[in-house]
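The values are calculated or read from the model by the stated rules, or taken from the named source; none is laboratory data. None of the values given here were measured: they were computed from a predicted structure. So basically every Cβ, Gly included, is an ideal-geometry build from the backbone, and we count neighbours across all protein chains shown. Just so you know, the surface numbers come from the protein's heavy atoms only, side chains and all, with ligands and any DNA or RNA stripped out. Shrake-Rupley method; radii C 1.70, N 1.55, O 1.52, S 1.80 Å.
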Amino acid sequence: MIEIYHNPRCSKSRQGLSILEESGKAFKTIRYLEEDLTSVELQDIIIKLGIKPINLIRKNEAIWKSDYKGKTLSDNEIIAAMVNHPKLIERPIVINGDKAVIGRPPEAIKEII
């Protein structure tokens, strides 16, 4: 089952959702701001994306700038920051089996569906 980690307030996330809807394939929408992600779930997503945790951070978010920017953080500390402040997670994220992409640009989603 395809999954999209979605924030309805984000235009790129809405565009990614539209791409999935237009594909006609079954998918599950996860509103990660409402449904808490665990550090294990986030680690799994990061592994599927094939990136370092820092690359999943929205560095322009106020909470990042005020609490984390300029600090030396371990991968686990970065993951903990995202668990505690899910607004820091880049979006949308689409997962299909063992493959995942960040939908920026949203057309990147087409690579895995």
Condition broken by residue 108, with the remaining ones in (1) open to solvent by less than 30 Å² (accessible area, probe 1.4 Å); (2) in contact (Cβ under 8 Å) with a residue 24 or more places away in the chain satisfied: (2)
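Here's the yes/no breakdown for (1) at pLDDT 95 or above; (2) farther than 13 Å from residue 100 by Cα; (3) exposed (fewer than 13 other Cβ atoms within 10 Å of the Cβ):
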| position | (1), (2), (3) |
| --- | --- |
| 5 | yes, no, no |
| 15 | yes, yes, no |
| 19 | yes, yes, no |
| 26 | yes, yes, yes |
| 38 | yes, yes, yes |
| 46 | yes, no, no |
| 53 | yes, yes, no |
| 59 | yes, yes, yes |
| 67 | yes, yes, no |
Filtered residues of the stretch 32-55 (kept if in contact with a strand residue (DSSP E or B) (Cβ under 7 Å, 6 or more places away or on another chain) and assigned to a loop (DSSP other than H, G, I, E, B)): 32
Scan of the stretch 32-56 for residues that are of a type in the set (D, E, K, R) and touching a residue at least 12 places away in the same chain (Cβ under 8 Å), ordered by number: 36, 48, 52
Subset of the stretch 20-31 (residues that are outside any loop (DSSP other than H, G, I, E, B), in contact (Cβ under 8 Å) with a residue 12 or more places away in the chain and over 16 Å from the mean Cα position of the chain (by Cα)): 23
Residue count for the stretch 75-96, restricted to those that are open to solvent by 50 Å² or more (accessible area, probe 1.4 Å) and either more than 17 Å from residue 37 (Cα to Cα) or of a type in the set (Asp, Glu) (or both): 2
Residue in the stretch 83-97 that is without any contact (Cβ under 8 Å) to a residue 40 or more places away in the chain, of a type in the set (A, V, I, L, M, F, W, C), outside any loop (DSSP other than H, G, I, E, B) and out of contact with any helix residue (DSSP H, G or I) (no Cβ under 7 Å at 6 or more places or on another chain) present: no
Some residue of the stretch 56-77 being in a helix (DSSP H, G or I) and closer than 21 Å to residue 105 by Cα: yes
